[in-house]
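K.L.:
Input: one structure, supplied below.
The values are calculated or read from the model by the stated rules, or taken from the named source; none is laboratory data. Just so you know, these numbers come straight off a predicted model, no measurement behind them. With ideal geometry, Cβ positions are generated from the backbone for all residues, glycine too; neighbour counts draw on all protein chains shown. Protein only, heavy atoms only, side chains kept; ligands, DNA and RNA dropped before computing areas. Shrake-Rupley method; radii C 1.70, N 1.55, O 1.52, S 1.80 Å.
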Amino acid sequence: MSDVAERVKKIVVEHLGVDEDKVVEGASFIDDLGADSLDTVELVMAFEEEFGIEIPDDAAEKIQSFGDAVNFISANQ
Amino acid sequence: MFDLTGKNALVTGASGGIGGEIAKTLHAAGATVGLSGTRVEPLEALAAELGERVHVLPCNLGDAEAVEALPKQAVEAMGSVDILVNNAGITRDNLFMRMSDEEWAQVLEINLTSTFRLCRGVLRPMMKARWGRIINVGSIVGSTGNPGQGNYAAAKAGLVGMSKSLAYEVANRGITVNAIAPGFIATAMTDKLNDKQKEAILTQIPAGRMGNPEEIAAAALYLASAEAGYVTGTTLHVNGGMAML
(Lines give C-alpha, C1' and ligand atoms only; values in the text may rest on other atoms or scores of the structure.)
Protein backbone atom coordinates (compact mmCIF):
# COMPACT_ATOMS: atom_id res chain seq x y z
CA MET A 1 0.00 0.00 0.00
CA SER A 2 1.26 3.45 -0.92
CA ASP A 3 2.30 5.99 1.64
CA VAL A 4 -0.72 8.14 0.74
CA ALA A 5 -3.08 5.24 1.27
CA GLU A 6 -1.53 4.44 4.65
CA ARG A 7 -1.92 8.02 5.83
CA VAL A 8 -5.49 8.30 4.51
CA LYS A 9 -6.39 5.02 6.18
CA LYS A 10 -5.01 6.21 9.51
CA ILE A 11 -7.19 9.35 9.34
CA VAL A 12 -10.29 7.37 8.41
CA VAL A 13 -9.75 4.83 11.18
CA GLU A 14 -9.18 7.55 13.76
CA HIS A 15 -12.01 9.75 12.65
CA LEU A 16 -14.72 7.17 12.11
CA GLY A 17 -13.55 4.71 14.73
CA VAL A 18 -13.72 1.74 12.37
CA ASP A 19 -11.52 -1.37 12.09
CA GLU A 20 -8.57 -0.99 9.79
CA ASP A 21 -9.51 -4.05 7.72
CA LYS A 22 -12.85 -2.44 6.81
CA VAL A 23 -11.07 0.43 5.10
CA VAL A 24 -10.65 -1.10 1.66
CA GLU A 25 -10.42 0.44 -1.81
CA GLY A 26 -14.16 0.53 -2.53
CA ALA A 27 -15.33 1.24 1.02
CA SER A 28 -17.89 4.07 0.96
CA PHE A 29 -17.52 6.41 3.90
CA ILE A 30 -21.26 6.73 4.34
CA ASP A 31 -22.61 3.32 3.26
CA ASP A 32 -19.85 1.06 4.56
CA LEU A 33 -18.04 2.99 7.27
CA GLY A 34 -20.96 4.64 9.06
CA ALA A 35 -20.05 8.25 8.34
CA ASP A 36 -22.69 10.97 8.21
CA SER A 37 -22.48 13.82 5.70
CA LEU A 38 -20.72 16.08 8.17
CA ASP A 39 -18.14 13.35 8.82
CA THR A 40 -17.25 13.38 5.14
CA VAL A 41 -16.68 17.14 5.32
CA GLU A 42 -14.48 16.65 8.34
CA LEU A 43 -12.53 13.86 6.63
CA VAL A 44 -11.82 16.17 3.71
CA MET A 45 -10.66 18.85 6.17
CA ALA A 46 -8.36 16.31 7.79
CA PHE A 47 -6.95 15.24 4.41
CA GLU A 48 -6.29 18.86 3.51
CA GLU A 49 -4.34 19.33 6.67
CA GLU A 50 -2.42 16.06 6.52
CA PHE A 51 -1.31 16.55 2.92
CA GLY A 52 -1.10 20.35 2.82
CA ILE A 53 -3.45 20.59 -0.14
CA GLU A 54 -6.71 22.36 -0.82
CA ILE A 55 -9.64 20.27 -1.94
CA PRO A 56 -12.27 22.42 -3.67
CA ASP A 57 -15.91 21.78 -2.79
CA ASP A 58 -16.81 20.26 -6.16
CA ALA A 59 -13.95 17.77 -5.85
CA ALA A 60 -14.76 17.08 -2.20
CA GLU A 61 -18.28 16.05 -3.15
CA LYS A 62 -16.88 13.32 -5.36
CA ILE A 63 -14.72 11.82 -2.63
CA GLN A 64 -17.15 9.20 -1.42
CA SER A 65 -14.90 6.23 -0.72
CA PHE A 66 -11.48 5.42 0.63
CA GLY A 67 -10.29 4.73 -2.93
CA ASP A 68 -11.67 8.10 -4.16
CA ALA A 69 -9.70 9.88 -1.47
CA VAL A 70 -6.43 8.07 -2.17
CA ASN A 71 -6.78 8.64 -5.93
CA PHE A 72 -7.60 12.33 -5.58
CA ILE A 73 -4.78 13.03 -3.16
CA SER A 74 -2.24 11.02 -5.16
CA ALA A 75 -3.16 12.98 -8.29
CA ASN A 76 -3.12 16.38 -6.61
CA GLN A 77 -0.24 16.29 -4.20
CA MET B 1 -20.45 28.82 37.25
CA PHE B 2 -20.12 30.34 33.80
CA ASP B 3 -16.33 30.54 33.85
CA LEU B 4 -14.95 31.35 30.38
CA THR B 5 -11.26 31.32 31.28
CA GLY B 6 -9.21 30.24 28.27
CA LYS B 7 -12.04 30.78 25.79
CA ASN B 8 -11.82 33.22 22.90
CA ALA B 9 -14.91 35.16 21.91
CA LEU B 10 -15.57 37.24 18.82
CA VAL B 11 -18.32 39.82 19.28
CA THR B 12 -19.68 41.82 16.35
CA GLY B 13 -21.34 45.15 16.88
CA ALA B 14 -19.17 45.61 19.95
CA SER B 15 -19.26 49.36 19.43
CA GLY B 16 -22.98 49.38 20.22
CA GLY B 17 -24.80 49.30 23.53
CA ILE B 18 -25.70 45.62 23.66
CA GLY B 19 -22.57 44.32 21.91
CA GLY B 20 -20.26 46.33 24.13
CA GLU B 21 -21.97 45.00 27.23
CA ILE B 22 -21.80 41.41 25.95
CA ALA B 23 -18.06 41.83 25.33
CA LYS B 24 -17.55 43.25 28.82
CA THR B 25 -19.50 40.44 30.44
CA LEU B 26 -17.70 37.64 28.57
CA HIS B 27 -14.41 39.34 29.38
CA ALA B 28 -15.29 39.60 33.05
CA ALA B 29 -16.00 35.85 33.01
CA GLY B 30 -12.43 35.25 31.88
CA ALA B 31 -12.71 35.14 28.09
CA THR B 32 -10.35 36.83 25.67
CA VAL B 33 -12.51 39.01 23.45
CA GLY B 34 -12.22 40.18 19.87
CA LEU B 35 -14.18 43.39 19.44
CA SER B 36 -15.57 43.91 15.98
CA GLY B 37 -17.56 46.80 14.61
CA THR B 38 -17.51 49.43 11.92
CA ARG B 39 -16.52 52.37 14.09
CA VAL B 40 -12.97 51.96 15.36
CA GLU B 41 -13.02 54.67 18.03
CA PRO B 42 -15.59 53.12 20.37
CA LEU B 43 -13.89 49.74 19.91
CA GLU B 44 -10.54 51.22 20.92
CA ALA B 45 -12.17 52.94 23.89
CA LEU B 46 -13.75 49.69 25.05
CA ALA B 47 -10.46 47.84 24.53
CA ALA B 48 -8.68 50.43 26.67
CA GLU B 49 -11.31 49.99 29.38
CA LEU B 50 -10.95 46.21 29.37
CA GLY B 51 -7.14 46.33 29.36
CA GLU B 52 -5.77 42.88 28.71
CA ARG B 53 -7.18 39.86 26.83
CA VAL B 54 -8.73 42.10 24.20
CA HIS B 55 -8.27 42.61 20.46
CA VAL B 56 -9.81 45.22 18.17
CA LEU B 57 -10.95 43.74 14.85
CA PRO B 58 -12.81 46.37 12.80
CA CYS B 59 -14.98 45.06 10.01
CA ASN B 60 -17.60 46.46 7.68
CA LEU B 61 -20.23 43.75 7.60
CA GLY B 62 -21.57 45.12 4.33
CA ASP B 63 -18.33 44.07 2.65
CA ALA B 64 -18.46 40.34 1.87
CA GLU B 65 -14.69 39.98 1.57
CA ALA B 66 -14.08 41.70 4.88
CA VAL B 67 -16.65 39.42 6.50
CA GLU B 68 -14.95 36.32 5.09
CA ALA B 69 -11.64 37.59 6.46
CA LEU B 70 -12.88 38.39 9.96
CA PRO B 71 -12.92 34.86 11.44
CA LYS B 72 -9.39 34.31 10.11
CA GLN B 73 -8.20 37.59 11.60
CA ALA B 74 -9.78 36.63 14.89
CA VAL B 75 -8.02 33.25 14.88
CA GLU B 76 -4.72 34.97 14.10
CA ALA B 77 -5.20 37.43 16.93
CA MET B 78 -6.57 35.09 19.59
CA GLY B 79 -5.56 31.58 18.47
CA SER B 80 -9.13 30.38 18.02
CA VAL B 81 -12.75 31.47 18.03
CA ASP B 82 -14.59 29.37 20.61
CA ILE B 83 -17.52 31.73 21.01
CA LEU B 84 -19.07 33.79 18.23
CA VAL B 85 -21.62 36.43 19.12
CA ASN B 86 -23.36 37.82 16.06
CA ASN B 87 -24.79 40.95 17.53
CA ALA B 88 -24.26 43.58 14.85
CA GLY B 89 -27.39 44.91 13.25
CA ILE B 90 -28.78 47.93 11.50
CA THR B 91 -32.24 49.32 10.95
CA ARG B 92 -33.57 51.07 7.85
CA ASP B 93 -37.17 51.53 8.93
CA ASN B 94 -39.84 52.49 6.49
CA LEU B 95 -43.45 51.72 5.80
CA PHE B 96 -43.74 48.64 3.68
CA MET B 97 -45.30 50.54 0.77
CA ARG B 98 -42.43 52.99 0.76
CA MET B 99 -39.57 50.61 1.46
CA SER B 100 -36.93 50.65 -1.25
CA ASP B 101 -35.11 47.59 -2.53
CA GLU B 102 -31.98 49.10 -1.13
CA GLU B 103 -33.40 49.45 2.39
CA TRP B 104 -34.54 45.87 2.22
CA ALA B 105 -31.27 44.54 0.83
CA GLN B 106 -29.02 46.45 3.24
CA VAL B 107 -30.81 45.16 6.30
CA LEU B 108 -30.84 41.58 5.02
CA GLU B 109 -27.17 41.81 4.05
CA ILE B 110 -25.91 43.14 7.38
CA ASN B 111 -28.32 41.42 9.75
CA LEU B 112 -28.67 38.01 8.11
CA THR B 113 -26.19 37.32 5.30
CA SER B 114 -23.14 38.54 7.20
CA THR B 115 -24.20 36.40 10.15
CA PHE B 116 -24.42 33.39 7.84
CA ARG B 117 -20.93 34.11 6.54
CA LEU B 118 -19.45 34.51 10.00
CA CYS B 119 -21.07 31.31 11.26
CA ARG B 120 -19.69 29.44 8.24
CA GLY B 121 -16.28 30.95 8.84
CA VAL B 122 -15.93 29.72 12.42
CA LEU B 123 -17.36 26.22 11.90
CA ARG B 124 -14.20 24.55 10.68
CA PRO B 125 -12.09 25.36 13.76
CA MET B 126 -15.03 24.73 16.09
CA MET B 127 -15.67 21.31 14.55
CA LYS B 128 -12.03 20.41 14.97
CA ALA B 129 -12.07 21.57 18.56
CA ARG B 130 -15.33 19.68 19.19
CA TRP B 131 -16.50 22.73 21.09
CA GLY B 132 -18.16 25.94 20.07
CA ARG B 133 -20.80 28.45 20.99
CA ILE B 134 -22.63 30.53 18.43
CA ILE B 135 -25.01 33.14 19.74
CA ASN B 136 -27.09 35.13 17.29
CA VAL B 137 -28.77 38.22 18.60
CA GLY B 138 -32.22 38.47 17.09
CA SER B 139 -35.10 40.61 18.19
CA ILE B 140 -38.58 40.34 19.57
CA VAL B 141 -39.84 41.81 16.30
CA GLY B 142 -38.64 38.67 14.50
CA SER B 143 -41.46 36.89 16.31
CA THR B 144 -44.07 39.60 16.65
CA GLY B 145 -43.49 41.79 13.60
CA ASN B 146 -43.39 45.55 13.86
CA PRO B 147 -44.86 48.22 11.61
CA GLY B 148 -42.14 49.99 9.69
CA GLN B 149 -39.70 47.14 10.18
CA GLY B 150 -40.63 44.61 7.50
CA ASN B 151 -36.98 44.26 6.53
CA TYR B 152 -35.63 44.09 10.07
CA ALA B 153 -38.28 41.62 11.24
CA ALA B 154 -37.63 39.42 8.20
CA ALA B 155 -33.90 39.36 8.89
CA LYS B 156 -34.36 38.63 12.60
CA ALA B 157 -36.91 35.88 11.96
CA GLY B 158 -34.54 34.46 9.35
CA LEU B 159 -31.79 34.38 11.92
CA VAL B 160 -33.83 32.04 14.09
CA GLY B 161 -34.50 29.55 11.26
CA MET B 162 -30.86 29.68 10.27
CA SER B 163 -29.69 29.11 13.85
CA LYS B 164 -31.96 26.10 14.25
CA SER B 165 -30.79 24.52 10.99
CA LEU B 166 -27.16 24.97 11.88
CA ALA B 167 -27.81 23.75 15.42
CA TYR B 168 -29.07 20.47 13.96
CA GLU B 169 -26.01 20.00 11.82
CA VAL B 170 -23.37 20.56 14.47
CA ALA B 171 -25.08 19.44 17.69
CA ASN B 172 -23.10 16.21 17.93
CA ARG B 173 -19.84 18.13 17.51
CA GLY B 174 -20.18 19.93 20.81
CA ILE B 175 -21.23 23.13 19.11
CA THR B 176 -24.38 24.91 20.20
CA VAL B 177 -26.19 27.56 18.18
CA ASN B 178 -28.77 29.71 19.91
CA ALA B 179 -30.47 33.04 19.52
CA ILE B 180 -31.27 35.75 22.00
CA ALA B 181 -34.30 37.88 21.23
CA PRO B 182 -34.17 41.15 23.14
CA GLY B 183 -37.31 43.17 23.64
CA PHE B 184 -37.00 46.92 24.06
CA ILE B 185 -33.58 47.63 25.47
CA ALA B 186 -32.35 51.09 26.36
CA THR B 187 -29.60 51.78 23.81
CA ALA B 188 -28.76 54.35 21.16
CA MET B 189 -31.05 52.43 18.81
CA THR B 190 -34.09 52.91 21.04
CA ASP B 191 -33.05 56.45 22.09
CA LYS B 192 -34.24 57.52 18.66
CA LEU B 193 -37.83 56.94 19.76
CA ASN B 194 -39.73 59.98 21.05
CA ASP B 195 -41.35 60.07 24.50
CA LYS B 196 -44.77 59.29 23.14
CA GLN B 197 -43.49 56.22 21.32
CA LYS B 198 -41.63 55.08 24.43
CA GLU B 199 -44.72 55.54 26.58
CA ALA B 200 -46.77 53.49 24.13
CA ILE B 201 -44.21 50.72 24.22
CA LEU B 202 -44.06 50.69 28.01
CA THR B 203 -47.78 50.01 28.25
CA GLN B 204 -47.12 46.75 26.40
CA ILE B 205 -44.34 45.56 28.69
CA PRO B 206 -45.58 43.69 31.77
CA ALA B 207 -42.31 44.47 33.57
CA GLY B 208 -43.18 48.16 33.15
CA ARG B 209 -39.73 49.23 32.02
CA MET B 210 -37.24 48.90 29.20
CA GLY B 211 -34.55 46.31 29.58
CA ASN B 212 -30.89 47.16 29.89
CA PRO B 213 -27.92 45.81 27.96
CA GLU B 214 -26.61 43.97 31.04
CA GLU B 215 -29.71 41.78 30.96
CA ILE B 216 -28.95 40.73 27.39
CA ALA B 217 -25.29 40.19 28.20
CA ALA B 218 -26.24 37.87 31.06
CA ALA B 219 -28.21 35.72 28.62
CA ALA B 220 -25.22 35.66 26.26
CA LEU B 221 -22.92 34.62 29.09
CA TYR B 222 -25.20 31.75 29.98
CA LEU B 223 -25.43 30.50 26.39
CA ALA B 224 -21.64 30.83 25.99
CA SER B 225 -20.91 28.81 29.10
CA ALA B 226 -20.01 25.15 29.40
CA GLU B 227 -23.08 24.80 31.62
CA ALA B 228 -25.38 25.56 28.65
CA GLY B 229 -23.91 22.72 26.58
CA TYR B 230 -27.28 20.94 26.34
CA VAL B 231 -29.11 24.05 25.16
CA THR B 232 -29.12 24.38 21.39
CA GLY B 233 -31.41 25.64 18.66
CA THR B 234 -33.37 27.69 21.10
CA THR B 235 -34.27 31.35 21.31
CA LEU B 236 -33.94 32.99 24.68
CA HIS B 237 -36.48 35.82 24.88
CA VAL B 238 -35.40 38.64 27.14
CA ASN B 239 -38.24 41.10 26.92
CA GLY B 240 -39.86 41.80 30.29
CA GLY B 241 -42.84 39.69 29.32
CA MET B 242 -43.67 41.81 26.28
CA ALA B 243 -44.17 38.63 24.26
CA MET B 244 -44.34 35.35 26.15
CA LEU B 245 -43.08 32.89 23.58
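K.L.:
Got a sec? Charge dipole of chain A, +1 on Cβ for Lys and Arg, -1 for Asp and Glu; which of A:ASN76, A:GLY34, A:SER2 is way out at the positive end?
P.N.:
After comparing all options, I get A:SER2.
K.L.:
At a 1.4 Å probe, which residues in the stretch B:117-154 are at least 20 Å² less accessible with all protein chains present than in their chain isolated?
P.N.:
By number: B:ARG124, B:MET127, B:LYS128, B:ARG130.
K.L.:
Interface A/B, total buried accessible area with a 1.4 Å probe, nearest 100 Å²?
P.N.:
For A against B, buried area totals roughly 700 Å².
K.L.:
Oh, and also: If the only charges are +1 at each Lys and Arg Cβ and -1 at each Asp and Glu Cβ, what is the size of the charge dipole of the stretch B:1-122 around the Cα centre, to the nearest 20 debye?
P.N.:
It comes to approximately 240 debye.
K.L.:
Given a 1.4 Å probe and heavy atoms of the protein chains only, how would you sort A:ASP39, B:ASP93, B:ASP195, largest accessible area at the top?
P.N.:
Listed by decreasing accessible area, they come as B:ASP195, B:ASP93, A:ASP39.
K.L.:
Follow-up. Report, ordered by chain and residue number, the lysines lying within cross-link reach of B:LYS192, taken as a straight Cα distance under 25 Å and ignoring same-chain residues fewer than 8 apart.
P.N.:
The reachable lysines, counting only those whose Cα sits under 25 Å from B:LYS192, are B:LYS24, B:LYS156.
K.L.:
Related question: Return a whole-number percent for the relative contact order of the stretch B:203-245, with Cα pairs under 8 Å and 6 or more residues apart as the contact set.
P.N.:
61
K.L.:
If all Cα-Cα distances of chain A are sorted into 10 Å bins from 0 onward, what percent lands in each bin, rounded to whole numbers?
P.N.:
20, 63, 17
K.L.:
Still on this model: Using +1 on the beta carbon of Lys and Arg, -1 on that of Asp and Glu, and nothing else charged, what's the dipole of chain A about the Cα centre, debye to 20?
P.N.:
180
K.L.:
If you take every DSSP beta bridge fully contained in the protein assembly as shown, what fraction is antiparallel? Give it as a percent rounded to 5.
P.N.:
Given both bridge residues lie in the protein assembly as shown, the antiparallel proportion sits at roughly 5 percent.
K.L.:
Let me ask another. Give, rounded to the nearest 20 debye, the magnitude of the charge dipole that the protein assembly as shown has about its Cα centre when Lys and Arg contribute +1 at Cβ and Asp and Glu contribute -1 at Cβ.
P.N.:
1340
K.L.:
Using the structure shown, select from B:LYS164/B:LYS196; B:LYS7/B:LYS72; B:LYS164/B:LYS198; A:LYS10/B:LYS164 the pairs with a Cα to Cα distance greater than 28 angstrom.
P.N.:
B:LYS164/B:LYS196; B:LYS164/B:LYS198; A:LYS10/B:LYS164
K.L.:
Using +1 at the Cβ of each Lys and Arg and -1 at the Cβ of each Asp and Glu in chain B, identify which of B:VAL81, B:ALA207, B:HIS55 lies farthest towards the dipole's positive end.
P.N.:
B:VAL81
K.L.:
Right, next: With a Cα-only, solvent-free Debye model of the stretch B:63-209, what are the log10 I(q)/I(0) values at q = 0.09, 0.19 Å⁻¹?
P.N.:
One equal scatterer on each Cα of the stretch B:63-209 leads to -0.33, -1.14.
K.L.:
Chain B: percent of C-alpha pairs farther apart than 35 Å?
P.N.:
More than 35 Å apart: 9 percent of the Cα pairs in chain B.
K.L.:
Step through the residues of the stretch B:146-162 one at a time and calculate ³J(HN,Hα) from phi using the Karplus curve (6.51 cos²θ - 1.76 cosθ + 1.60, θ = phi - 60°), rounding each to whole Hz and writing x for Gly and Pro.
P.N.:
7, x, x, 10, x, 5, 5, 5, 4, 5, 6, 5, x, 4, 5, x, 5
K.L.:
Something else: Output the relative contact order of chain A, whole-number percent, from Cα pairs under 8 angstrom with separation of 6+ residues.
P.N.:
36
K.L.:
Right, something else. Semi-axes of the equivalent ellipsoid for the stretch B:56-110, please: Cα gyration tensor eigenvalues, times 5, square-rooted, ordered largest first, whole Å.
P.N.:
Rounded to whole Å, the semi-axes are 30, 11, 7.
K.L.:
Could you please tell me the mean projected area of the C-alpha convex hull for the stretch B:127-245, averaged over all directions and given in square nanometres to one decimal?
P.N.:
7.7
K.L.:
In deg cm²/dmol and to the nearest 500, what is the mean residue ellipticity at 222 nm of chain A if only DSSP H runs of at least 4 residues count, each as -39500 (n - 2.57), divided by the residue total?
P.N.:
Per the formula, -18500 deg cm²/dmol.
K.L.:
When the Kirkwood radius is taken over all Cα pairs of the protein assembly as shown, what Stokes-Einstein diffusion coefficient follows at 37 °C and 0.692 mPa s, in µm²/s?
P.N.:
Using the Kirkwood radius from Cα pairs, D works out to 155 µm²/s.
K.L.:
Relative contact order for the stretch B:8-236 using alpha-carbon pairs under 8 Å, separation at least 6, rounded to a whole percent?
P.N.:
20 percent.
K.L.:
Over the protein assembly as shown, with every protein chain in place, what whole percent of the accessible area is carbon and sulfur at 1.4 Å, could you tell me?
P.N.:
Roughly 51 percent of what the probe reaches on the protein assembly as shown is carbon or sulfur.
K.L.:
Sticking with this structure for a sec: For B:LEU84, which sequence-distant residues (separation of 5 or more, or a different chain) have an amide H within less than 5 Å of its own amide H, given hydrogens modelled in the peptide plane?
P.N.:
Here the answer is B:LEU10, B:ARG133, B:ILE134, B:ILE135, since their amide H atoms fall under 5 Å of that of B:LEU84.
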